[in-house]
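Mind looking over this structure? Questions follow.
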Amino acid sequence: MLPTGFVCHRCFKRSLISVKPISKQEKLITPPIASSYSSSLPYLTIHFNFSVIQQFSYIQPNDLESICVGRTWDGSTKPTQIVIHLSDTKLYQRLDCAISEVLMLFKDEFEDEHHAIIERTTHKLQGMMTTGMSEVSANVTLLIYHECDGRILLALEESSTYGMVPASKSSIQLLEPMEADEINSNDECMVCLDELGEETQVLRLPCSHMFHAECIIKWLEKSHYCPLCRYEMPTH
């Protein structure tokens, strides 16, 4: 949950995965040997633990430095155990089924990282299967970063102080659309803070700052100031 009063302008995620063998002293559960497992074949027991860490940061409007203003942790998922043969050629599919069932509790949070988690976990397990281990612990942590951009807050505050005066419709209609080869793939729309891609229309203000067409039009319908440099668009 976002801290009280926190306004999120951008959110991005990163997953961390660690896999380590469990020693005989640390063994959690002795897995049953199902009928599908032959006692002559070695098997691997994997204990999955999932947690979500959310961090809330504020970007100062002057120097772009990010300051952490809060953090939450949720490790409420129960450990999940799966048992596989070390020679199983369907490791990815088995992990997909097991992990998907657990992630239903955090479907919205993990959805973007789901396949990356399975691929990286599979890769780590495959790299450890020759060590003679029989039981491992796999810890999956999803880091969710929420950012509040002080520049946007400052612009809204100034607009509120001086009155929310929209730009004129004619000045908005005259905004220059950008060609694809004029847009740097690393440039961001400073209204929504997403990248300026080739798939969406980009408009340039007279001050030369570029934004997604949909974003800047909505902005100018409320305020006639450029979100970045405070350039004033016509209001009549």
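The values are calculated or read from the model by the stated rules, or taken from the named source; none is laboratory data. Values in this document were obtained by computation on a predicted structure and should not be read as measured data. Heads up, the Cβs are rebuilt from the backbone with ideal geometry, glycines too, and the neighbour counts pull from every protein chain shown. What goes into the accessible areas is simple: the full protein's heavy atoms, side chains included, and nothing from ligands, DNA or RNA. Shrake-Rupley method; radii C 1.70, N 1.55, O 1.52, S 1.80 Å.
By the gyration tensor of its Cα atoms, with a ≥ b ≥ c the square roots of the eigenvalues, what is the shape of the range 187-236: rounded for a/c under 1.5, prolate for a/b over b/c, or oblate? Please list the in-between numbers first.
Numbers: a/c = 1.98, a/b = 1.74, b/c = 1.14.
Here the range 187-236 falls in the prolate category.
Right, next: Provide the solvent-accessible area of Arg14, counting protein heavy atoms only and rolling a 1.4 Å probe, rounded to the nearest 10 Å².
Spelled out: Arg14, probe radius 1.4 Å, area about 120 Å².
Rank these residues by their accessible area, most exposed first, probe 1.4 Å: Thr72, Thr200. Please list the in-between numbers first.
Values: Thr72 50, Thr200 75 Å².
Final ranking, largest accessible area leading: Thr200, Thr72.
Something else now. How far apart, in nm, are two points set 7 Å out from the Cα along the Cα-to-Cβ line at Glu109 and at Cys11?
Modelled inter-label distance: 1.1 nm.
What nm value, rounded to one decimal, do you get for the distance between Leu153 and Asn49 when each label is placed 7 Å out toward the C-beta?
3.5 nm
Of the listed pairs Lys13/Lys222; Lys13/Lys90; Lys20/Lys90, which have alpha-carbon separations greater than 25 Å here?
Beyond 25 Å: Lys13/Lys222; Lys13/Lys90.
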